[in-house]
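Here is the structure we will look at.
The values are calculated or read from the model by the stated rules, or taken from the named source; none is laboratory data. From a predicted model like this one, the values you see are computed outputs, not experimental measurements. Ideal geometry is used to build each Cβ from the backbone, glycine not excepted, and the neighbour counts take in all protein chains shown.
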Amino acid sequence: MWNVWLVVFFLCFAKIQCDDCPPIITRADWNASDPKEIKPLSINPPPYVLVHHSATQSCFTVEACKRLVKSIQNVHMNTNGWEDIGYNFLIGGDGSIYEGRGWGIHGAHAIKYNARSIGICLLGNFQEQTPPEIQTKSLNELVSCAKQTEKVEDQYHLIGHRQASATLCPGTFLFKIVQGLPQFDPHPQ
């Protein structure tokens, strides 16, 4: 038993997974291309969390989701001409979380909010179907982790992409879920 406490102490002291944060699949793990440029957020910790859907097919295994995340990065960089994948994080249909740009990095997901938000994309099209419960559970865990570790403001505002620009994103079914989440802001600034 003493050895277990020693390991926990070491991990907490080294700041390795000492909180209730979910595991995040790193950029290296999904074979991300290097970004062309990295800009920090202009407000950090940011006051907003924006929820998106990818409007693509869903994925339900780590390997399938890695391929989908990589293909989204390719479109964002090679077709759209962006510096990197647009989102800070992405979540697969199996609940796995993928590092996009990561914490504290200026995104390319909602123009008015890119410099002052964390963009989280749920992989799939939720205009006509509900995301799996495990996927929305991971969203809640990631946002809770962000608040707990001060990666977002304590009184952050949670919004759907459609509140930031004229789009159907994050889809009707996901947006209904977003509206019921803690700190949802019906009238963002």
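Annotations for the structure displayed:
- Check on residue 134, of a type in the set (A, V, I, L, M), buried (at least 21 other Cβ atoms within 10 Å of the Cβ) and without any contact (Cβ under 8 Å) to a residue 60 or more places away in the chain: no
- Qualifying residue in region 59-78 (condition: under 19 Å from residue 140 (Cα atoms), among the aliphatic types (A, V, I, L, M) and either buried (at least 20 other Cβ atoms within 10 Å of the Cβ) or touching a residue at least 12 places away in the same chain (Cβ under 8 Å) (or both)): no
- Within region 1-51, tally of residues that are exposed (fewer than 10 other Cβ atoms within 10 Å of the Cβ), modelled with pLDDT under 50 and assigned to a loop (DSSP other than H, G, I, E, B): 4
- Residue 59 vs. criteria more than 23 Å from residue 179 (Cβ to Cβ), touching a Leu at 6+ places or on another chain (Cβ under 7 Å) and in a loop (DSSP other than H, G, I, E, B): yes
- Candidates 125, 74 - the one that is in contact with a His (Cβ under 8 Å, 6 or more places away or on another chain), at pLDDT 95 or above and more than 30 Å from residue 150 (Cβ to Cβ): 125
- In region 156-188, the qualifying residues are those that are aromatic (Phe, Trp, Tyr) and either surrounded by fewer than 18 Cβ atoms within 10 Å (Cβ to Cβ) or out of contact with any Phe, Trp or Tyr (no Cβ under 7 Å at 6 or more places or on another chain) (or both), and the one that is nearest to residue 126 (Cα to Cα) is 173.
- Taking strands (runs of 3 or more DSSP E) as the structural unit, those lying wholly within region 70-189 and holding at least 3 residues that are over 14 Å from residue 55 (Cα atoms) and within 15 Å of the chain's Cα centre (by Cα) correspond to 97-99, 117-122, 157-160.
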